[in-house]
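See below for the structure under consideration.
The values are calculated or read from the model by the stated rules, or taken from the named source; none is laboratory data. In this text, all values refer to a predicted model and were calculated from it rather than measured experimentally. Cβ placement follows ideal geometry from the backbone for every residue including glycine, while neighbour counts extend to all protein chains displayed. Accessible surface is based on the protein model in full, side chains and every heavy atom, while ligands, DNA and RNA are left aside. Shrake-Rupley method; radii C 1.70, N 1.55, O 1.52, S 1.80 Å.
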Amino acid sequence: MDRLSVMRLFVDASTLGSFSAAGRKHGLSPAASSAAIQRLETTLRVKLFERTTRRLRLTEEGQLYKEYSQQALELMDQAEQMLQAGKSLVQGTVRISAPSDLGRNLLLSYLDEFQRRYPQVQFALSLTDSTANLVQDDIDLAIRYGMPPDSAMVARPLLPNRRVVCVAPECAARVGVPQTPEQLASLPTLVLFNAAGPMNEWRYRAGGKPKAVRVSHYQQSNDGEIIRKWALLGYGYAYKSLLDISADLRAGRLITVLDEFFTESAPLNVLYHRSSFQPPRVKLLIEFLQERFAAGSAQAEAGG
């Protein structure tokens, strides 16, 4: 018997005043129920019952253990009732890591909407453009562009996406528009950097083959939102996710160049631990984000 079953047996024996009666309730013989209580006493290193030929009587230690056992069993019963209730269990904290500009400009509103549905859910949101280690960083969910390098993570798609080279129209008019990716090397650019260094190799395809241009005249930041704002201010060309700048493109604040070369797919994924069990708050949030990102994309397309 597991500890919880023995605890139930102990409480019933103390209430009924008989190992035999408690054993029958749990489908055990008198000898088996008595042996189970003896093993419990050995484990606890205390005597729970005073045994006589007529009746069982709890010791002082047994009375104390009964009070705590009853509390524990009542809490377990409440937990099982909550599990059956379903929605009432959607509570607790979800720890999320997301890219800085996506987190500030889009994800925040989606999380607010989810929290209105489930007000007992809280978020611990970390905005970073570095790859999150879900184990070391104690993260429940990470939202990232592209596929994760760690195969231990499960990736579920949120939106298709690609990376583009963008620039403010006034900057393009001032410094010139490149006709080939190689020309970007001599133009002012804006580069994201992380722990591995500046991400100044921008990948593209030419003649069906993958290639990269290394830009050298750049301003750099570890925050993708800063890169976007610098681009809006006309500081240079930026290599950005199309999703991050879609509103700027629609408003004409930014334009893209060399689209026939920069076609690399970088889908937006939600990553989480590979586990047979997910807390309801995590499972529901993943499903909500998939639906919400898809709906937001459809609305953007409909709006032109």
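Looking only at region 240-291, residues that are within 21 Å of the chain's Cα centre (by Cα), aromatic (F, W, Y) and buried (at least 18 other Cβ atoms within 10 Å of the Cβ) come to 1 in all.
Conditions tested, residue by residue: (1) aromatic (F, W, Y); (2) touching a residue at least 60 places away in the same chain (Cβ under 8 Å); (3) not in a strand (DSSP E or B).
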position	(1), (2), (3)
A155	no, yes, no
R163	no, yes, no
C166	no, yes, no
E170	no, yes, yes
Q183	no, no, yes
L192	no, yes, no
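Selection of strands (runs of 3 or more DSSP E) fully inside region 194-276 by the criterion of at least 1 residues being among the hydroxyl-bearing types (S, T, Y) returns 201-206, 218-221, 237-241, 255-257, 268-273. Counting only residues that are more than 19 Å from M1 (Cα to Cα), part of a helix (DSSP H, G or I), touching a residue at least 12 places away in the same chain (Cβ under 8 Å) and open to solvent by 90 Å² or more (accessible area, probe 1.4 Å), region 16-66 holds 1 of them. Against the condition modelled with pLDDT of 95 or more, touching a helix residue (DSSP H, G or I) at 6+ places or on another chain (Cβ under 6 Å), under 18 Å from A173 (Cα atoms) and surrounded by fewer than 18 Cβ atoms within 10 Å (Cβ to Cβ), how does G234 come out, does it pass? Yes; evaluated as a whole, the condition is true for this residue. Condition check for I227 on (1) modelled with pLDDT of 95 or more; (2) over 22 Å from A185 (Cβ atoms): one failure, at (2).
If you go through region 145-159 one residue at a time, do you hit one that is at pLDDT 85 or above and within 24 Å of N200 (Cβ to Cβ)? Yes, the conditions are met somewhere in region 145-159. The number of residues in region 11-53 that are in contact with an Asp or Glu (Cβ under 8 Å, 6 or more places away or on another chain) and farther than 19 Å from Q70 by Cβ comes to 1. Within region 216-264, the residues that satisfy the criterion of being closer than 20 Å to A195 by Cβ and among the hydrophobic types (A, V, I, L, M, F, W, C) are I226, I227. Screening A206 with (1) surrounded by fewer than 21 Cβ atoms within 10 Å (Cβ to Cβ); (2) among the small types (G, A, S); (3) touching a helix residue (DSSP H, G or I) at 6+ places or on another chain (Cβ under 7 Å) gives one miss only, at (3).
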